[in-house]
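Enquirer: Shown below is the structure under consideration.
Since every read-out is calculated from the coordinates, none of them should be taken as a lab result. No experiment lies behind these values; they were computed from the predicted model shown. When we count neighbours, we look across all protein chains shown, and the Cβ atoms used for this are built from the backbone with ideal geometry, even at glycine.
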Amino acid sequence: MEGLRIGIVTSPTPSLAVVAKDLVYTFRRLGKVSDFYDYRIPYYEARDKFDRAIVVMTFDPLYAPTWFLLARDYNVNKIPSVVYTTVEGEPKRWLVKYWIRRDLIFIANSKFTEKMLNRVDIEPVGMIHHGVNFSEIEKAKTQAKKLKQKLKEELGVKVVFGTVVSGHRRKGLEYFAQAVRTFREKIKDAGFYVLTGREGANKLIGLDGVKVSTEFGKLMRDEILALIGSFDFYVQPSLCEGFGLPVLEAMGLGVPCIHPDYEPLTEFSSNSLNFTVKVVREEYQDLGDGILYLCHYYEPNEMAEKMEKAYELYICNRKAYLAKSSQVKRQAKKFDCVKKYEEFLKVWEG
């Protein structure tokens, strides 16, 4: 293991790139040579750059096969590789080719992902939860404090709820919009900031007390962390997740969260830590991708009620709010990326 060079390979997709860069950060902290590649670096070039590879990729059998082929090429050409993967439901079985099961080594990012892969006869060699990069968290704190005051002045409110989410149907922005309408009917001195894309912005048109940015996927990571850290509460409206790293990062920043009560979010969060919304129905949905998304439906009115409880905590009992902030931060510390991603090295021991 001495002198081991580890290549971390993924697509430029922001959520995947964040995990990949944290893997590089971890391995460098552990004294390994590690580099990040956001393109499919062929094996004949890779051989001169790294001895082991981790391909970070969503298990979508429509999108991922070229990345899976890359991992297989590495293995065939004596660059031992694993695929660190996530999935938000059951991969469509008829799209999962035999060679994917036979030739690749997978590590799941959550118990939920592991369970979904098992449903299509794939047995990951391990499960390693995503981790929080506390070096990045610390850098973001100063900017977050300045931004918090700015947002409150712009919105004219005492409390800011926020979320960072794409406009894809599985992300639940329609449910979020209904919850915000209900909440704002009763409470006017709390507002919302949403970072999304244009598709998502279209679902929020006409909402009172909501500031929307369509810069989703365009901001640097430090800007996103500073934004999340500027919220008094983070809201995760998603109907399904493969992990839910923004929730864990918000916790790392000391921001209590409001989210539906389902795996994998419950693998690192709970009702005693955050404000969870009861799931009333689960259903596999075909939304046109290579995955049957396992959607967890909840009542927007209950999400609005949890927002109201959060608001009351902040306004009426700041001491309890600060205690909850410290509590979620302590929980996130258990998921420090250096501790979590060190587990990858065990895959190659011996």
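Enquirer: Taking just the alpha-carbon atoms of the chain, what radius of gyration and Dmax come out, in angstrom?
Expert: Radius of gyration, then largest Cα-Cα span, for the chain: 20.4, 63 Å.
Enquirer: Continuing with the same structure: Mind putting a number on the dipole of the chain about its Cα centre? Charges go on the C-beta only, +1 for Lys and Arg and -1 for Asp and Glu, and I need it in Debye to the nearest 20.
Expert: Charge dipole of the chain: 780 debye, to the nearest 20.
Enquirer: Can you give the calculated 222 nm mean residue ellipticity of the chain, where each DSSP H run of n ≥ 4 adds -39,500 (n - 2.57) and the sum is split over every residue, rounded to the nearest 500 deg cm²/dmol?
Expert: Counting only the DSSP helices, I get -12500 deg cm²/dmol.
Enquirer: Hey, another quick one. In debye, nearest 20, what is the charge dipole magnitude of region 134-333 about its Cα centre with +1 on Lys and Arg Cβ and -1 on Asp and Glu Cβ, if you could check?
Expert: Its charge dipole is roughly 920 debye.
Enquirer: Still on this model: Please state the equivalent ellipsoid semi-axes for region 134-333: what are the square roots of 5 times the Cα gyration tensor eigenvalues, largest first, in whole Å?
Expert: Listed largest to smallest, the semi-axes of region 134-333 are 23, 19, 18 Å.
Enquirer: By count of other Cβ within 10 Å, fewest leading, how are H129, H259 ordered?
Expert: H129, H259
Enquirer: Using Cβ contacts closer than 10 Å as the measure, can you line up I54, I224 from fewest to most?
Expert: Ordered by Cβ neighbours within 10 Å, fewest first: I224, I54.
Enquirer: Have a look at N317, T182, V96 and report the one farthest towards the positive end of the charge dipole of the chain, computed about the Cα centre with Cβ charges (Lys/Arg +1, Asp/Glu -1).
Expert: N317
Enquirer: Could you give the longest part of the chain that holds none of the GluC sites (Glu not before Pro) found in DSSP loops with at most 16 neighbouring Cβ atoms within 10 Å?
Expert: 3-214
Enquirer: In the structure displayed, which of K171/K306; K146/K339; K211/K309; K145/K319; K171/K334 lie more than 20 Å apart, Cα to Cα?
Expert: K146/K339; K211/K309; K171/K334
Enquirer: Right, another one. Based on DSSP, what percent of beta bridges with both residues in the chain are antiparallel, to the nearest 5?
Expert: 20 percent
Enquirer: Amide H to amide H, which residues 5 or more places from E215 or on other chains are under 5 Å from it, using H placed in the peptide plane?
Expert: Correct list: T196.
Enquirer: Taking the Cα centre of region 6-137 as the origin and placing charges on Cβ (Lys, Arg +1; Asp, Glu -1), which of I54, P65, I105 is farthest toward the positive end of the dipole?
Expert: Toward the positive end, the furthest listed residue is I105.
Enquirer: Compute the separation of the alpha-carbon centres of region 15-51 and region 128-168 and state it in Å as a whole number.
Expert: About 28 Å separates the Cα centre of region 15-51 from the one of region 128-168.
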